[in-house]
Amino acid sequence: MAELRLVDRVDVKFQGERGGDGPLTFGQSNTLQWVVISEMEQSIQSMLPWVFDVPDRTRFEDVAEVLSIVLARNESLRTTYHAEAGSSFQRVAESGALTVDVYHCAQYGDAETRDLVGLMRDRPFDLAQDLHVRVAVVMGSGDADGGNGNGNGAPDESGFVSAVIAMYTHMAVDFGALAVINEQFVELIADPAARHVGPLAHQPLDQAAFERSERGQRQNDRAMRYWSEQLRIRPQCQFPMTAAPEPKPLSGLLLAREVTQALPRIMERTGASAPTVTLAAMFAVLAGRTGQRHIVFSSLSNNRSGRLREYVGTLAQDSLVLVDADAESFDELVRRMSTAILKANRHSLYDPHSLEPMAIDIEWERGMRSARDCAFNNLSAHEVSEGTLKLHSAQISSARESGSLGWKEPDFDPVALRFAMVKWAGQILLDISTGHTGWLPAAEIESLLGALQQLVAAAADQDVELAQLAEITGIKTIHRDTDWHIVDNSWIQQSAVQALLDHALPASSAHAIVGADATVTAYLRRTDAVPTPKAAHTACMVSLRAHPTAVAPTYYVLADEAPTDPAAWPQQSVRAEGDGRK
């Protein structure tokens, strides 16, 4: 492995059109919640690397000029985040300098890229003090003597650039913004005549102002109504927990050649986009595997349209895509998916501080903790740079050589199934990762991706009946014994509800019964600690997270004494009863 040596630190100055303070955008507020409240400001998940592809014989001066223009154009890259009197706000610097670390490496390659990304991640970002981007430039041929510093703020002119790597925080960018910045960099580094700042585009300060306007508030109100409707019908959990000998995070990557070949023909037949078709296939496979009729995914990249298409800033908010997967044919499911994605897109920018209390109220009413257990990240709208993809070169090489999946252990992610679609060199890469192989073992990941590819390939030239899904893909529905029931669109286990009652109401001798009408009744002994149905419901909701295949009872019946035989509970004298919600 070649040696990376830090040989200089150069200040790249920038001058923007404006600076100033303003409220946070919805996207910034949402990101700040999971970055700071989850104590992840120093975590790998809050940092996003990008490796720019640079032409041969590129000089440092060209890179510095391009970086200066990119910083001037994009206010999110020169924004810091502050709080006063309990209120957070963004502060845009009109001018300043970005310190670029300059390294020398005689024989630079993929391993050195990964090492340098690791070094850049090791240094924490300060939300209030640091620019939310850092850049490293690696110099190669022509400067082997290490005398890069020439005293005038630039490396020695005899050297050429081997690599330019940026590390951003999620407060500054999401993947869509990364791709937009990359497009700007590629254009500017290739064409000196294009190196001007240009007119000010739509910036986070502008977005924050729009979101607080009358029109923005109406948009937020519509989004809240949509979320309220979806949260009241979505299943709470799509993956029953399974035992794993050594649970760990895991990612399986498929170089999906058959999907790449089949998608254009399905898109022409159905009029749907490639991500829509691919997500419909994933929904079909999951419905077939889980026996779950309603499938829901949190989609992470559905809110870039109109003036936000080229927006540089974080729009990292979930849109909720919920589809009734009980369709007769694949094309019908694709049409349902198109409609669902369109509706979700229209309601994917919202005030997270409005959503959170509403979601908590709905969970209380339904007696469910709605798990964010499936997420979709559509990264196919933009090509990933060759250099950035090489950060995952071992996994991709393994997938290419085996014709199957490339595996890696990703950073921890508290999602049962994260499905990503990436476009690279005209090929589609499909990735399923899990935060815990107890939720999704390796064999399950391989089965789901294989089934998805087989379904898309089968649907390339003609529509297919979903009744044939098992025959086409080999996917088998999870066996569920009589302990399993559908309650409020969710598969639940009566034994899990009983375990919840034993945990939440240990002194009440509680007994759970799932009725033929898909209601759950809890019979329990009234105690000083649990004198009312509301007290019982409160205790159950506090403990529910630890029981993912349970729900809180629909109805509570309290008696003075518990019978010896649980079957005798309905004959006990009732002292209090109700749903416990009021």
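Each residue, S495 and R57, gets one label point 7 Å from its Cα in the Cβ direction; the gap between the two is 7.2 nm. By the rule of a C-alpha distance below 18 Å, with chain neighbours fewer than 8 residues away ignored, the aspartates and glutamates paired with K534 are D361, E363, E365, D502, D560, E577, D579. Relative to the current alpha-carbon distance between A85 and H479, full extension at 0.36 nm per residue lengthens the span by 136.4 nm.
Based on the Kirkwood approach, the hydrodynamic radius assigned to the range 160-290 is 20.9 Å, with every pair of different Cα atoms included. When the accessible area of the chain is computed with all protein chains present and a 1.4 Å probe, what percentage of it is carbon and sulfur? Answer for the chain is 50 percent, counting heavy atoms of protein chains only.
Within the shell defined by Cβ-Cβ distances under 11 Å, the residues around E383 carry a net charge of -2, with Lys and Arg each +1 and Asp and Glu each -1. Think of the chain as having a plus end and a minus end, set by charges on the Cβ of Lys, Arg, Asp and Glu; of A512, A208, H294, A512 sits farthest toward the positive end of this dipole. Values (1) 31.0, 112; (2) 26.9, 93; (3) 28.6, 101 are given for comparison; Rg and Dmax of the Cα atoms in Å, derived from the coordinates here, is the one labelled (2). Calculate how steeply helix 110-122 sits against the longest principal axis of the alpha-carbon atoms of the chain, using the helix alpha-carbon long axis, and give the answer as 0 to 90 degrees to the nearest 10. With both axes taken from Cα atoms, the answer is about 70 degrees. The Cα atoms of the range 270-382 give a gyration tensor whose axes a ≥ b ≥ c have a/c of 1.5 or more with a/b no greater than b/c, which makes the shape oblate. A Förster radius of 60 Å combined with the Cβ-Cβ distance from E409 to H202 puts the calculated FRET efficiency at roughly 0.95.
Computed on protein heavy atoms with a 1.4 Å probe, the accessible areas place S76, S162 in the order S162, S76, largest first. Angle of helix 175-190 to the longest C-alpha principal axis of the chain, folded into 0 to 90 degrees and rounded to 10: 10°. DSSP bridge analysis restricted to the range 513-582 gives an antiparallel fraction near 55%, rounded to the nearest 5. So, R0 is 56 Å and r is the distance between the beta-carbons of E65 and A516; what FRET efficiency does that work out to, to 0.05? For E65 and A516, the calculated efficiency is 0.15. Accessible surface computed residue by residue for the chain, with neighbouring protein chains in place and a 1.4 Å probe, gives 42 Å² per residue. Normalised by the number of residues in the chain, the mean separation of alpha-carbon contacts (under 8 Å, six or more apart) gives a relative contact order of 15 percent. Spacing of the modelled spin labels on A193 and V574, each 7 Å from Cα toward Cβ, amounts to 8.4 nm. Quick one: angle between helix 494-504 and the longest Cα principal axis of the chain, in degrees between 0 and 90, rounded to 10, please. The angle comes out at about 80 degrees. What is the calculated FRET efficiency for K248 to A111, with r their C-beta to C-beta distance and R₀ = 30 Å, to the nearest 0.05? Computed FRET efficiency for K248 and A111: 0.80.
The values are calculated or read from the model by the stated rules, or taken from the named source; none is laboratory data. All figures in this text were calculated on a predicted structure; none of them were measured in a lab. Glycine also receives a Cβ, built like all others from the backbone with ideal geometry; neighbour counts cover every protein chain displayed. Heads up: the accessible areas ignore ligands, DNA and RNA and are worked out on the full protein's heavy atoms, side chains in. Shrake-Rupley method; radii C 1.70, N 1.55, O 1.52, S 1.80 Å.
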